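Novice: I have a structure here, written as structure tokens, and I will follow up with some questions on it.
The values are calculated or read from the model by the stated rules, or taken from the named source; none is laboratory data. Source: prediction; values computed, not measured. A quick note on method: Cβ atoms are made from the backbone with ideal geometry, for glycine too, and the neighbour counts reach across all protein chains shown.
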Amino acid sequence: MKHDGSTSKLNAILRSNAVAAPPPASKERPDPVELLVHSFMVWEATTAQADAAMARIKTAVVSFNDFRVSLVKEVVELIGPRYPLVQERAIRVRAALNDLYRREYAVSLDRVSGLSKRDARAYLESLQGMVPFVAARVALLGLDAHAVPVDDQTLMMLVHHGALHRETTVVEATGWLQRHIPADRALASHLALQRAAETFVAKVTPRGVARMIAEAEAARVARMPRVVAEPPPTEAETSATQPSRGGGSAARASKSAAGRKGTPATGASNGKPAPSRTKEKAARGGKTPAAPRPKPKKSSAGSAGRSKSARPSGAKTSRGARPSSRAPARVANAKRSSRRAKPASRPAKGSTRASGQASRRKAGKAARK
């Protein structure tokens with residue numbers, strides 16, 4: 001346990017609430033199943049309320065097997081609608097009896113009586129719907145085992161008187177009491193603690209009990225580890241740690257351009273980028289520069305097809321030399337142009353005769369001379 005309790009305050013509680021004449025241990029033990037159901041009625045309630053509820057149950061049912069097969073609403077009517085935690089109590093006691101029937105094929109704890117005290121305590125704690133208070137009370141009163149039953153109202157009483165810390169749980173309180181209370185005083189101590197818890201609950205108002213439960217829950221939450229989230233970084237920290245996008249590349253580009261051309265990348269007067277040479281010539285001549293024409297994309301498939309078709313059949317290439325693809329392309333273009341050219345028109349008959357006469361005249365004049 002994280003916080004040790006006060007043994008002196010515990011002894012003071014036991015002395016002030018000690019029973020005058022505790023009932024002697026009888027040789028005949030009570031019915032374990034009846035003790036189990038009665039312990040469920042005592043849990044988070046008073047002994048008087050539990051005795052009244054057991055009297056109603058025994059009057060209404062023949063055996064505890066009939067009580068096991070009853071519906072939850074029927075169990076609630078038997079116990080009493082105003083009983084503390086009546087809905088949860090009915091569900092838990094039915095679950096424990098049904099689990100016992102599945103294991104033993106009967107509503108009986110006779111086999112548990114033959115086990116060792118440790119194994120019997122472990123068997124009781126493993127039943128469905130079981131709580132530590134009921135298992136400890138059955139082990140103490142029915143099996144003569146060393147146990148000190150503790151529920152929430154007993155724990156609140158011990159915390160209120162300063163015997164335990166308010167962050168202590170029921171399991172931790174049970175272990176601490178078993179270490180500080182010997183086995184021969186376990187029964188008397190249980191009766192004294194039960195009496196002190198009932199007196200404490202009767203004096204404290206329901207609002208006070210709710211407040212104490214809320215304080216205990218807040219204390220349990222406070223001792224849980226927390227994960228502290230880091231505050232988000234400010235704008236100044238973000239700008240200092242993270243470089244601006246594109247700032248470094250733009251500066252490097254301007255420096256490289258200035259180094260290649262020998263001129264500053266920006267104007268000296270107004271800080272604007274220097275104009276290019278093409279724009280300067282256009283401004284002097286008064287003409288706007290023509291937009292560059294896009295270059296046509298060459299198709300590798302088309303050029304390969306033309307080169308194969310235009311290659312002459314008798315052409316040979318030297319070994320190791322790669323034939324040029326431009327020459328066959330020129331030959332193919334020339335053939336296409338010759339095919340597309342129109343044939344020359346024939347001269348007229350009269351024009352041919354006139355040209356012959358003129359030539360004969362020239363020849364006669366030459367002979368005369």
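Novice: Looking at Ala52, Ala90, Ala45 in this structure, which one is out of contact with any helix residue (DSSP H, G or I) (no Cβ under 7 Å at 6 or more places or on another chain) and assigned to a helix (DSSP H, G or I)?
Specialist: When all the criteria are applied, what remains is Ala52.
Novice: What number of residues within segment 158-177 satisfy the criterion of being assigned to a helix (DSSP H, G or I), β-branched (Val, Ile, Thr) and touching a residue at least 40 places away in the same chain (Cβ under 8 Å)?
Specialist: Counting residues in segment 158-177 that are assigned to a helix (DSSP H, G or I), β-branched (Val, Ile, Thr) and touching a residue at least 40 places away in the same chain (Cβ under 8 Å) gives 2.
Novice: Does segment 16-36 hold any residues that are of a type in the set (D, E, K, R) and modelled with pLDDT of 75 or more, and which are they?
Specialist: Once the filter is applied, which keeps residues that are of a type in the set (D, E, K, R) and modelled with pLDDT of 75 or more, segment 16-36 yields Asp31, Glu34.
Novice: Please determine whether any residue of segment 117-139 is among the acidic types (Asp, Glu) and either in a loop (DSSP other than H, G, I, E, B) or at pLDDT below 90 (or both).
Specialist: Checked against the condition, which is being among the acidic types (Asp, Glu) and either in a loop (DSSP other than H, G, I, E, B) or at pLDDT below 90 (or both), segment 117-139 yields no hits at all.
Novice: Restricting to segment 1-15, name every residue that is at pLDDT 65 or above and assigned to a loop (DSSP other than H, G, I, E, B).
Specialist: Selection gives Asp4, Gly5, Ser6.
Novice: A further question follows. Looking only at segment 95-119, how many residues end up being under 15 Å from Gly129 (Cα atoms) and among the hydrophobic types (A, V, I, L, M, F, W, C)?
Specialist: 4
Novice: Does Arg111 qualify as being more than 24 Å from Ile181 (Cα to Cα), surrounded by fewer than 20 Cβ atoms within 10 Å (Cβ to Cβ), under 39 Å from the mean Cα position of the chain (by Cα) and among the basic types (Lys, Arg)?
Specialist: The answer is no for Arg111.
Novice: Now a separate question. Can you tell me which condition Ala90 does not meet? The list is (1) modelled with pLDDT of 90 or more; (2) more than 26 Å from Val148 (Cα to Cα), and all the others hold.
Specialist: (2)
Novice: What's the number of the only condition in (1) under 43 Å from the mean Cα position of the chain (by Cα); (2) part of a helix (DSSP H, G or I); (3) more than 16 Å from Val134 (Cα to Cα) that Leu78 fails to meet?
Specialist: (1)
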